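Beneath this line is the structure, given in structure tokens, with notes to follow.
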Amino acid sequence: MLGSRKSSLRGVSGKTTLISEETVVVGDVHFSGTLEVEGQVKGNIVAVPDKDALVRVVGKGRVEGEIHAPQVLINGQVQGDVFATGLLELASKARVTGNVHYASVEMFAGSEVNGSFVHITRDAAATAGHADASGENPGTAAGEMPAR
């Protein structure tokens, strides 16, 4: 899929939404199922709470904002924090400028994170990983102080 190694992310039931290579979305994207980002998103990406969901940022895909989802695969660019309440996979061309909050992570040679890694428990992930409709993060990761 992303080279010689197969992704550990499992499929997600439901529909797939594609943001194609020459598409730019300005504003927050709320979704369920699978979201494939090959273009650009200037806003936050938020999975519907209590649903299994997968975000893939691939190829020339670029996100300027936060990502909140159970499963996240990055093989493109993200400028913003990433909250993966399940598995976060950073493929060989992943470039993240921001903090990554994860329950489980796989990082392949060549990937890059310019920020902090924050491990969250699955219990804390239920509240820390999802933003509400206002875009505010209602919780913090285990052991983390809220920003002032």
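Assorted remarks:
- Residue among Val48, Val41, Val12 that is on the phi < 0 side of the Ramachandran plot and at pLDDT 95 or above: Val41
- Of note, Lys60 satisfies the criterion of being among the basic types (Lys, Arg), assigned to a loop (DSSP other than H, G, I, E, B) and under 24 Å from Ser116 (Cα atoms).
- Candidate set: region 66-85, residues that are over 16 Å from Ser116 (Cβ atoms) and more than 10 Å from the chain's Cα centre (by Cα); chosen: the one surrounded by the fewest Cβ atoms within 10 Å (Cβ to Cβ): Gln77
- Residue in region 37-58 that is nearest to Asp123 (Cα to Cα), counting only those that are among the charged types (D, E, K, R) and either surrounded by fewer than 20 Cβ atoms within 10 Å (Cβ to Cβ) or more than 10 Å from the chain's Cα centre (by Cα) (or both): Asp50
- Among the residues of region 96-148, those that are among the aliphatic types (A, V, I, L, M), surrounded by fewer than 18 Cβ atoms within 10 Å (Cβ to Cβ) and at pLDDT below 50 comprise Ala133, Ala142, Met145, Ala147.
The values are calculated or read from the model by the stated rules, or taken from the named source; none is laboratory data. Just so it is clear, the structure is predicted and the values come from calculations on it, not from any experiment. Using ideal geometry, Cβ is built from the backbone for each residue, glycine included, and neighbour counts are taken over all protein chains shown.
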